[in-house]
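Trainee: Okay, handing you the structure first.
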Amino acid sequence: MRVRGILLAAVTIAFIPVLGAFQPPIGAPQEIVTEEQYAAVMNDLRLSMQDAAMNIDATYWEDLGAVSDRMTALFERVQAFWTARQVQPAVDLSAQALAVTYALGQASGAMSGPRVNQAMTDLRAVCLSCHTEFREEVGDGYRIKPGV
């Protein structure tokens, strides 16, 4: 029975790269044109931040790298949204978030706990700045402040 479990695990691991071929390419952002789509991206970022925190706690460096790649693609969409709206301070904050997400990926690749923790602290600070300036909390989440 143990051999069968080992063989199943080996076959599963062998097919992971094949499954990855069916994923949409990262780094090809689609322009966000509606606030509803933007809200969905923000939710995906919130969940990704939670995933990143769990991977940091468990020191799953490779998984953290995958999460940082996902966050990079999401922040590219955020930047495209604000660029289309011509809100330069939000575009700048998006660029900061992208830079910090890149640093997070680099730190995970180096398996550096202190650098990873600093990147997460920096990322939370950028997110808070943007939310303070451009978002407001409503009953079921956040929305873009009126007039922005």
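Trainee: Return the total of residues in segment 56-69 being under 13 Å from the mean Cα position of the chain (by Cα) and open to solvent by less than 70 Å² (accessible area, probe 1.4 Å).
Mentor: Kept after step one, since they are under 13 Å from the mean Cα position of the chain (by Cα), are these residues of segment 56-69: 63-69.
Going one step further and asking which of them are open to solvent by less than 70 Å² (accessible area, probe 1.4 Å), we end up with 64-68.
The number of residues fulfilling the criteria is 5.
Trainee: Okay, next question. Residue check, G113 against (1) more than 24 Å from S129 (Cα to Cα); (2) modelled with pLDDT under 95; (3) in contact with a helix residue (DSSP H, G or I) (Cβ under 8 Å, 6 or more places away or on another chain), all met but one. Which one?
Mentor: For G113, the exception is condition (2).
Trainee: Next question, about the same structure. Any residue in segment 48-60 that's more than 19 Å from P114 (Cβ to Cβ): show its pairings with residues that are of a type outside the set (F, W, Y) and surrounded by 14 or more Cβ atoms within 10 Å (Cβ to Cβ) at Cβ separation under 7 Å, as long as the two are six or more apart or on different chains.
Mentor: Partner pairs satisfying both residue conditions: S48/V67; S48/R70; S48/M71; S48/L74; D51/V67.
Trainee: Being under 23 Å from the mean Cα position of the chain (by Cα) and surrounded by 11 or more Cβ atoms within 10 Å (Cβ to Cβ) is the filter here, so list the residues in segment 135-148 that pass it. Working first, answer last.
Mentor: Of segment 135-148, the ones under 23 Å from the mean Cα position of the chain (by Cα) are 135-138, 140-145.
Once the filter is applied, which keeps residues that are under 23 Å from the mean Cα position of the chain (by Cα) and surrounded by 11 or more Cβ atoms within 10 Å (Cβ to Cβ), segment 135-148 yields R135, E136, G141, Y142, R143, I144, K145.
Trainee: Just give me the residues in segment 36-55 being open to solvent by 80 Å² or more (accessible area, probe 1.4 Å) and either touching a strand residue (DSSP E or B) at 6+ places or on another chain (Cβ under 8 Å) or closer than 17 Å to A97 by Cβ (or both), in sequence order. Reasoning before the result, please.
Mentor: Let us first name the residues in segment 36-55 that are open to solvent by 80 Å² or more (accessible area, probe 1.4 Å), namely 36-37, 46, 50, 54.
Result: R46, Q50.
Trainee: For segment 120-134, which positions are over 18 Å from M49 (Cα atoms) and open to solvent by less than 60 Å² (accessible area, probe 1.4 Å)?
Mentor: F134
The values are calculated or read from the model by the stated rules, or taken from the named source; none is laboratory data. Computed from a predicted model, the values in this text were never measured in an experiment. Every residue, glycine as well, gets a Cβ built from its backbone with ideal geometry; the counts of neighbours run over all protein chains shown. We work out accessible area using only protein heavy atoms, side chains counted, and drop any ligands, DNA or RNA first. Shrake-Rupley method; radii C 1.70, N 1.55, O 1.52, S 1.80 Å.
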